[in-house]
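The values are calculated or read from the model by the stated rules, or taken from the named source; none is laboratory data. These numbers were taken from a predicted model, which means no experiment stands behind them. Neighbour counts run over all protein chains shown; Cβ positions are idealised from the backbone, glycine included.
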Amino acid sequence: MNRRREALRSWEDVWSAAFAARGHRVVIEVEPAVEPLPTALWHWWITFRTGDAELDAIAAPQPEALAFEDARGRFEEVIPLGEVADHVLRRLTDDLR
């Protein structure tokens, strides 16, 4: 497994722990599960899901941030990895209302 994917996996653990600490169970799915080609502009598609609410993001080859899909279907909400859990909970909570 590639070190970049492993780094993203460690962030998945951080985010899951942050969700659980706030009493939320958020499923995180990352595709593809293997290392994409070096020419790919975006390497991973990440879906955060709880209940019927879902939020998509993409990650670059060496992610320092995720780009989240906005209401227009554009991936222009760039969120640093350390702020992802708060952003996801805020967006998913809004979607469930």
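Data table
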| item | result |
| --- | --- |
| Count of residues meeting criterion [crowded, with 16+ Cβ neighbours inside 10 Å and part of a loop (DSSP other than H, G, I, E, B)] in the stretch 25-34 | 1 |
| Residue in the stretch 4-19 that is outside any helix (DSSP H, G or I), surrounded by 14 or more Cβ atoms within 10 Å (Cβ to Cβ) and either modelled with pLDDT under 90 or β-branched (Val, Ile, Thr) (or both) present | no |
